[in-house]
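J.: Before I ask anything, here is the structure I am working with.
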Amino acid sequence: MGLFRQMALCLAVVAGGAGVSAQENTMGLAPAWEYVSDRVMGGVSSGALQVAEVAGRQGARLTGQVSLDNNGGFVQMAFDLERSGSFVDAAEWRGIEMDVYGNDETYEVRLRTTALTRPWQSFRVSFQAEPVWRTVRFPFADFEPHRTEATFDAAQLRRIGVLAIGRAFEADLTVAAVRFYR
């Protein structure tokens, strides 16, 4: 079994599977995270993605050195959503929440919908990842379009990514759970 399949299975347990919780009004996702860096376009940033225990919780841990050299500048962990073909209809939800632990740096969450056709297009929001476990909510209304004229449509959601991007720094971010919330 590959690392990313193991990661998906581990996070399915951590996130509570894909069921809806009546008490919290959330639906846990079971991400099959994958690692991507700016090396796909000639950059030199380096990093890794692994399942790790951080401060008592298991999660997907993105580490690396973000470099702006050679027109680069990111390391990322992301996963595709597949429920009804190639996208998820998340229109009944207000947004996404994640349980995160970081190194006091700023990261981005990026969403992709079926309306986006180029790899550099997304809808994004930034957040500070403090060195304590906390749940961060990202309302869909807060996501800004990036290099697209398209309007965000939660009914056509297909990919969620978390990035260390845009400046030279050391990335260290762990995500223990990803959920839609109402």
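J.: Take the residues of the stretch 38-67 that are open to solvent by less than 10 Å² (accessible area, probe 1.4 Å) and outside any loop (DSSP other than H, G, I, E, B): which is farthest from Leu163 (Cα to Cα)?
T.: Here the residue is Gly59.
J.: Another one. Return only the number of the condition from (1) at pLDDT 95 or above; (2) farther than 24 Å from Ala168 by Cα that Val66 does not satisfy.
T.: Condition (2) is where Val66 drops out.
J.: Counting only residues that are open to solvent by less than 60 Å² (accessible area, probe 1.4 Å) and over 16 Å from the mean Cα position of the chain (by Cα), which one in the stretch 153-165 is farthest from Gln76 (Cα to Cα)?
T.: In this case the residue turns out to be Ala155.
J.: Okay, next question. Give me the pairs, please: first residue somewhere in the stretch 152-169 and in contact (Cβ under 8 Å) with a residue 40 or more places away in the chain and farther than 12 Å from Phe123 by Cα, second residue anywhere and open to solvent by 50 Å² or more (accessible area, probe 1.4 Å) and of a type in the set (A, V, I, L, M), beta-carbon distance under 8 Å, and either six or more positions apart or on two chains.
T.: Pairs found: Ala155/Ala91; Gln156/Ala115; Arg167/Leu68; Ala168/Leu68.
The values are calculated or read from the model by the stated rules, or taken from the named source; none is laboratory data. Since we're looking at a predicted model, the values are computed, not measured. Using ideal geometry, Cβ is built from the backbone for each residue, glycine included, and neighbour counts are taken over all protein chains shown. These accessible areas exclude ligands, DNA and RNA; they are computed on the full protein's heavy atoms, side chains included. Shrake-Rupley method; radii C 1.70, N 1.55, O 1.52, S 1.80 Å.
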